[in-house]
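Down below is the structure, laid out as structure tokens.
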Amino acid sequence: MQERIGKIFSGLFGVSREACTDALSPKDIEAWNSVYHLTLVMSLEEEFGVQFSPDEIVELDSVGAIKAKLAQHGVAR
Amino acid sequence: MAVRIVEYDASKEAAVTAFNGRLKAGGATQGFSESHVPAWLPPRPDRTLFMQYFLAVEDDATVRGCYALKHQDFSISGRTRSIGLIALPISEGIVNRGYAAVGAQLIMHAIRQKPLIYGLGLGGESEAITHMVRAAGWRVAPVPFFFRVIRPFGFLRNIRSLRNSPLRRLLMDALAFSGGGWLGIKAIHLFSRFRLPDGRSLSVEIVDEFSAWADEVWTRCAPHYGYCAVRDAATLRILYPAGDSRFIRMKISEAGCPIGWAVLLATDFTHHKHFGGMRLGTIVDVLAIPKDADKVVFCAERLLRMQKVDLIVTNQSHATWQAALRQCGFLTGPSTFLLATSRKLTDLLNESNLTGDRLHLNRGDGDGPINL
């Protein structure tokens with residue numbers, strides 16, 4: 001899961017795989033705005049074959065939170 | 001952060017007022033309705049055409065975002081389906097980065113509520129909402145813009161988007177006061193190869209409201225349009241109600257038989273950002289079978305000319321109406337009036353081979369009369 005999330009963050013925000021830690025959040029990435037958040041959500045849904053509810057979308061506010069939410073959707077860590 | 005999307009009810013009106021206050025304090029110009037009942041198209045049990053308001057609420061108390069969803073029946077390849085229109089999405093993220101994700105949440109909620117959904121207008125390519133819907137995979141394209149200058153003096157003296165430098169203002173004033181502008185417009189029309197329809201058999205009636213004759217027009221027209229909002233008399237009475245005196249509802253007949261209609265506006269502006277102090281004519285909405293479209297445009301232009309407008313503008317997506325406008329001497333200009341269709345709606349249109357210029361959409365299909 002980490003590898004695939006890292007790939008998405010690298011493509012979207014230019015973040016290196018090493019920098020893609022669980023603590024990484026919009027506070028650390030200037031470009032992580034509403035448009036990029038939506039792009040991130042669409043990319044995660046496509047990559048992992050899941051569908052987040054609208055209420056979950058706003059909770060995807062760090063790499064750690066994304067991993068936890070994907071695990072809730074049955075994606076293996 | 002626990003932010004949930006809920007339908008707007010009376011208990012959240014004070015929270016919306018506080019939300020609007022925070023937006024204003026942050027320098028935003030947008031705000032949302034402080035009444036939970038939509039002023040335009042309020043829901044009624046007997047109606048399939050209505051507006052619904054949603055709020056993004058944090059911890060069941062603080063409003064962090066909002067949007068409106070219009071539900072409307074469309075005729076798509078002869079089948080009637082309810083389609084959504086997303087309007088006025090606003091997120092606290094525009095003044096507080098901590099809520100940037102709320103914008104994404106609102107868009108996704110709208111898509112889940114109504115997978116067959118579109119946005120119209122959107123304010124142009126540079127607006128955040130346009131970037132958002134593109135990010136969600138929506139197809140975005142401009143709805144062509146048409147204009148015809150009727151009174152060159154008023155046009156040249158007021159068109160702010162062209163009077164954007166001292167030299168241009170001087171030149172346009174010179175053209176206005178010398179009569180050069182009038183000559184120029186006449187020359188354009190003289191050398192343009194437009195062909196006006198024969199208006200001798202046409203009659204025009206200004207009506208207070210749409211009645212049974214509009215149903216006849218709709219029944220005849222519907223098969224000619226692959227994608228078109230239902231425009232029967234009952235729907236038109238809701239969209240352009242008799243009590244709203246701003247609308248000019250025009251019935252066009254040929255040899256005594258109603259062939260089409262148009263809804264027009266003649267609006268006096270003062271200090272408008274584009275139109276200055278112009279008297280602007282707008283062809284808001286139209287319907288006729290394709291062979292009669294030029295007759296409707298011809299009559300609309302004549303009527304607005306009698307209303308002494310300086311300029312007539314319209315946005316029309318269907319090839320039939322674009323051709324009719326050109327035939328009647330309208331010119332095209334750059335359009336910032338965008339149509340965005342969700343992935344599901346785009347797929348549905350593609351399945352029926354309904355490309356952009358086969359969709360009948362105009363300013364009558366937008367998010368309300370306030371934006372006309």
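Find the relative contact order for chain A and round it to a whole percent, using C-alpha pairs within less than 8 Å whose residues are 6+ positions apart.
Answer for chain A is 38 percent.
Other chains near A:39-46: what is the mean number of their Cβ atoms within 10 Å of each residue's Cβ?
Taking the mean over all residues of the peptide, I get 3.
Report, in debye and to the nearest 20, how large the dipole of the range B:3-142 comes out about its Cα centre when Lys and Arg carry +1 and Asp and Glu carry -1 on their Cβ.
It works out to roughly 440 debye.
Relative contact order (percent) for chain B, with alpha-carbon contacts under 8 angstrom and 6 or more residues of separation?
That works out to 20 percent.
Using Cα springs under 10 Å in a Gaussian network model of chain B, which residue among B:308, B:114, B:295 shows the largest mean-square fluctuation?
The residue that fluctuates most here is B:308.
Partner chain Cβ atoms within 10 Å, averaged over the residues of A:57-63 - can you pull that number for me?
Per residue, the number of nearby Cβ atoms from other chains is 6 on average.
Of the listed peptides B:266-273, B:89-96, what is their order by residue-averaged count of other C-beta atoms within 10 Å, with the highest listed first?
Going from most to least packed, we get B:89-96, B:266-273.
Could you tell me what % of all Cα pairs in the protein assembly as shown have separations over 38 Å?
32
Given a 10 angstrom Cα cut-off, can you work out which residue in B:239, B:167, B:331 is the most mobile in a GNM of chain B?
Among B:239, B:167, B:331, the largest GNM mean-square fluctuation belongs to B:167.
Taking every pair of Cα atoms in the range B:1-89, average 1/r, invert it to obtain the Kirkwood radius, and report Rg/Rh to two decimals.
Here Rg/Rh amounts to 1.05.
Give the average, rounded to an integer, of partner chain Cβ atoms located within 10 angstrom of each Cβ in A:25-35.
Mean shielding count: 5.
Could you order the peptides B:323-329, B:333-339 from most to least packed, using the average number of other C-beta atoms within 10 Å per residue?
B:323-329, B:333-339
Can you find, among B:206, B:20, B:40, the residue farthest towards the positive end of the dipole of chain B? Put +1 on the C-beta of Lys and Arg, -1 on that of Asp and Glu.
Value computed over the given set: B:206.
Nearest 10 degrees is fine. How inclined is helix B:180-191 to the longest principal axis of chain B, computing both from alpha carbons?
Once rounded, the angle reads 80 degrees.
Helix B:293-306 versus the longest principal axis of chain B: what angle, 0 to 90°, nearest 10, using Cα atoms?
80
Could you give the angle, 0 to 90 degrees to the nearest 10, between helix B:212-221's Cα long axis and the longest principal axis of the Cα atoms of chain B?
It is inclined by approximately 90 degrees.
Dipole size in debye (nearest 20) for the protein assembly as shown around its Cα centre, Lys and Arg Cβ +1, Asp and Glu Cβ -1?
Rounded to the nearest 20 debye, it is 1680 debye.
If Rh is defined by the Kirkwood formula over all Cα pairs and Rg also comes from Cα, what ratio Rg/Rh do you get for the range A:2-72?
With Rh from the inverse mean 1/r over Cα pairs, Rg/Rh is 0.91.
A short reminder: the numbers here are calculations on the coordinates, not readings from a lab. Only a predicted model underlies this, so the values are computations on that prediction, with no experimental measurement involved. Neighbour counts run over all protein chains shown; Cβ positions are idealised from the backbone, glycine included.
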